[in-house]
Amino acid sequence: MSDETTKLDGPDFGNGVALSTVVDGAMLQGHSQGEPVLLVRRGDEVFAIGATCTHYDAPLADGLLVDDTVRCPWHHACFNLRTGEALRAPALNPVTCWRVEQCDGTVYVRAKRETVSRPQSPVAANMPRSIVIVGGGAAGNAAAEMLRREGYAGRITMLSADESLPCDRPNLSKGYLAGTAAEESNPLRSAEFYREQGIDVKLRARVTKIDSASRDVRLEDGSRHGYDALLLATGAEPVHLDIPGADLPHVHYLRTLTDSRALVTKAMKSRRAVVIGASFIGLEVASSLRARDIDVHVVGRETCPMEKVLGADAGQFIRKLHEDHGVTFHLGTTASCIDEPGVTLQNGETLPADLVVIGIGVRPAISLAEGAGLAVDRGVTVNEYLETSVPGIFAAGDIARWPDPLTGERIRVEHWVVAERQGQTAARNMLGRQERFDAVPFFWTEQYDFGLAYVGHAVRFDKVEIDGKLDARDCTLAYRRGGRKLAVAVVHRDVEGVRAEVEFERAIAASR
Ligand SMILES: Cc1cc2nc3c(=O)[nH]c(=O)nc-3n(C[C@H](O)[C@H](O)[C@H](O)COP(=O)(O)OP(=O)(O)OC[C@H]3O[C@@H](n4cnc5c(N)ncnc54)[C@H](O)[C@@H]3O)c2cc1C
Ligand code: FES
């Protein structure tokens, strides 16, 4: 978060600014009553909203104005200029709205406006009286919150196999593991929040069966929960490495807050780590362990990390980035066994390790869906409204395979923002809104002081165009297949990333 001095940059809007200095279609950062405020002019109208994103405090002035919305430069949250509402995740809270007065060519920012909460809608005859959400992660949490924001007054039960309340999973391999983010940064919401919202969250509540005929779910402990509408948001599970020693106590996987806490505790006492898997998670873990001054070796089957997702140039850059930070790679191989002194590779080499982290990918948790007879295809098959093959049962997040409006192909992604946005759309559709899920996939990664944001989805590409220089950490990479742009990655060009998202959104809208 920017410090107090930066936050109060610019003019004091309480004293007024000349309308002529507020350029139409531009954003002006200033402050009022000690708080940072963003002034935005659209034609004759002037809006004033909180200047800081409610997700991770990005300065919204560095973002993009799109119609009546402001897009956050960092992880592409979207706020309504008129109401302050967080229209799209990852921001879950609105920004403050201020009353604006124009007088003799001067604009004044006055008092804060009350947040307008939507009225509770009575449970209509065709509305579900009870909604069960299986999964307390990104999608499940976003769905539960959105149901209440939409005024749903019926029963919401969130069943989560996790031991803790929905948490900020991306933080687990980044700030929290590196020791730069506190424990308090992990929960998305407090227990009190769920109580106040009337969301009944049950933890350590693993669902073992869905009975779509009797419309209930059964838990491990034998209890049952009936539903009128059901959201499946069971996420993904780490792929386990099946080699001798993979179950030793110093071998860790990373998915849940419990996993992360155990890893942090172990990292505090470790000097040498081996990370098996040069995936995003593996590389973020490597970066965070280096921040703790642990000697890190990364083992991967690929010859160039991240090449499959980002292309050879970005892959080589990422490899060098890690090497410059002291990481040693062992590529084109994998581990054949783990024991107390270290990890033995297939090529016979042994790497000493008092900590081993396995990050070789995840698998969508679809066994419940399979058991219930839902259509599955390497994920739970859903239509454009995120409804599964069984009416009344929706799926969102890492498990959902949906028709990508950009390419017409069915895709499944493992991205935080997509999971949250799908949870939000599924919530509205459980209330009968019939809203297509047409958000453009987005993810980001942070490793050391390097950040990359990616929009679109190019599972296969035949050409990568680079504008700018990776080495200078100032570039845009466009991924094409058959000449068609499918995805864009930006390195330290935040607003370009937002522009790319908007460009894809417009292409989708135009294709309808
Ligand atoms: C360490 C880490 C870092 C990441 N960093 C990034 C990042 O930087 N950027 C990015 O875009 N993405 C990132 N991701 C991916 C992102 O977190 C996932 O895409 C996202 O969490 C998916 O949300 P979800 O709701 O589908 O699943 P999850 O968030 O995994 O939630 C699944 C929930 O389902 C519950 N569950 C599963 N089975 C059952 C059952 N049978 N009964 C009851 N509950 C069940 C689980 O307990 C859990 O509560 C990261 C993931 C991890 C693990
Ligand atoms: S800081 Fe704004 S979306 Fe993350």
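The values are calculated or read from the model by the stated rules, or taken from the named source; none is laboratory data. Source: prediction; values computed, not measured. With ideal geometry, Cβ positions are generated from the backbone for all residues, glycine too; neighbour counts draw on all protein chains shown. For accessibility, only protein heavy atoms count, side chains too; no ligands or nucleic acids. Shrake-Rupley method; radii C 1.70, N 1.55, O 1.52, S 1.80 Å.
How about the chain: what cysteines have no other cysteine beta carbon under 4.7 Å from their own?
If one checks each Cβ against the other cysteines of the chain, Cys78, Cys97, Cys103, Cys167, Cys304, Cys337, Cys475 turn up with nothing under 4.7 Å.
Rounded to two decimals, what ratio of Rg to Rh does region 331-399 give with C-alpha atoms and a Kirkwood Rh?
That ratio equals 1.29.
Where a ≥ b ≥ c are the square roots of the eigenvalues of the C-alpha gyration tensor, would you call region 154-246 rounded, which needs a/c under 1.5, or, failing that, prolate if a/b is larger than b/c, or oblate?
Note, shape of region 154-246 comes out oblate.
Starting from the residue with the highest accessible area, list Cys72, Cys103, Cys337 in decreasing order, probe 1.4 Å.
The residues order as Cys103, Cys337, Cys72, largest area first.
Please compute, over every Cα-Cα pair in region 341-441, the percentage with a separation greater than 18 angstrom. The partial results should precede the final answer.
Details: 2704 of 5050 pairs.
Percentage above 18 Å: 54.
Would you work out the relative contact order for the chain, in percent, from Cα pairs under 8 angstrom that are 6 or more residues apart?
Across the chain, relative contact order equals 12 percent.
For a quick protection proxy, order the peptides 340-350, 24-34, 156-166 by their average other-Cβ count within 10 Å, most packed first.
Those peptides, ordered most packed to least, come out 156-166, 24-34, 340-350.
Over the chain, average the accessible area per residue using a 1.4 Å probe and give it in Å², no decimals.
Result: 42 Å² of accessible area for each residue.
Return the subset of Lys266/Lys308; Lys174/Lys209; Lys174/Lys308; Lys308/Lys469; Lys174/Lys463 for which the Cα-Cα distance in this structure is over 24 Å, preserving the input order.
With Cα atoms farther than 24 Å apart: Lys266/Lys308; Lys174/Lys209; Lys174/Lys463.
Within region 128-148, list the residues whose amide N lies under 18 Å from a label point set 7 Å along Cα→Cβ of Asp216.
129-134
Taking a temperature of 37 °C and a viscosity of 0.692 mPa s, what whole-number D in µm²/s does Stokes-Einstein yield for the chain with Rh from Kirkwood over alpha carbon pairs?
Diffusion coefficient, whole number: 135 µm²/s.
Per residue and in cubic angstrom, what volume does the convex hull of the Cα atoms of region 13-70 have?
76
Based on the alpha-carbon gyration tensor of region 283-361 and its eigenvalue square roots a ≥ b ≥ c, which shape applies: rounded if a/c is under 1.5, prolate if not and a/b is larger than b/c, or oblate?
Values: a/c = 2.09, a/b = 1.32, b/c = 1.59.
Here region 283-361 falls in the oblate category.
Which value results when the Cα radius of gyration for region 101-214 is divided by 2.2 N^0.38 Å?
1.46
So what's the Cα pair-distance distribution over region 253-313, bin width 10 Å, in %?
Cα pair-distance distribution for region 253-313, in percent: 22, 50, 23, 5.
Given Cα positions, please report Rg to Rh for region 441-484, the hydrodynamic radius being the Kirkwood one.
Working: Rg = 11.6 Å, Rh = 11.6 Å.
Here Rg/Rh amounts to 0.99.
Per DSSP H run of n ≥ 4, the term is -39500 (n - 2.57); total these for the chain, divide by its residue number, and report the mean residue ellipticity at 222 nm rounded to 500 deg cm²/dmol.
-6000 deg cm²/dmol
Rounded to the nearest 10 Å², what accessible area does Thr265 have for a 1.4 Å probe in the complete protein model?
Thr265 exposes around 70 Å² with every protein chain in place.
Under a point spin-label approximation (7 Å from Cα along Cα-to-Cβ), what is the Val23-Glu196 distance to one decimal in nm?
4.0
Relative contact order (percent) for region 182-281, with alpha-carbon contacts under 8 angstrom and 6 or more residues of separation?
On the way: 47 pairs, mean separation 11.6, N = 100.
Reported as a whole number, the value is 12 percent.
Averaging over all projection directions, find the projected area of the Cα convex hull of region 204-262 and quote it in nm² with one decimal place.
5.8
What shape does region 179-231 take by its C-alpha gyration tensor, where a ≥ b ≥ c are the square roots of the eigenvalues and a/c under 1.5 counts as rounded, a/b above b/c as prolate, and the rest as oblate?
Working: a/c = 3.14, a/b = 2.12, b/c = 1.48.
Prolate, because a/c is 1.5 or more and a/b exceeds b/c.
With the crude spin-label approximation of a point 7 Å out along Cα→Cβ, what separation in nm comes out for Arg363 versus Glu150?
Label at Arg363, label at Glu150, 3.3 nm between them.
Ignoring ligands, DNA and RNA, what percent of the accessible area of region 375-480 is carbon or sulfur (1.4 Å)?
That fraction is 45 percent.
Using only the alpha carbons, work out the radius of gyration and Dmax of region 430-505 in angstrom.
14.2, 49
May I ask for the distance between the Cα centers of region 141-175 and region 372-396, given as a whole number of Å?
Taking the Cα centre of each part, region 141-175 and region 372-396 sit 20 Å apart.
Take every Cα pair under 8 Å in region 351-485 that's 6+ residues apart, average their separations, divide by the length, and report that relative contact order as a whole percent. Intermediate values should be presented prior to the final figure.
Numbers: 190 pairs, mean separation 18.5, N = 135.
Worked out over region 351-485, it gives 14 percent.
What accessible surface, in Å², does a 1.4 Å probe find on Leu351, ignoring ligands, DNA and RNA and rounding to the nearest 10?
The accessible area of Leu351 comes to roughly 10 Å².
Which order do Arg473, Arg204 take when ranked by solvent-accessible area (1.4 Å probe, heavy atoms of all protein chains), largest first?
Arg204, Arg473
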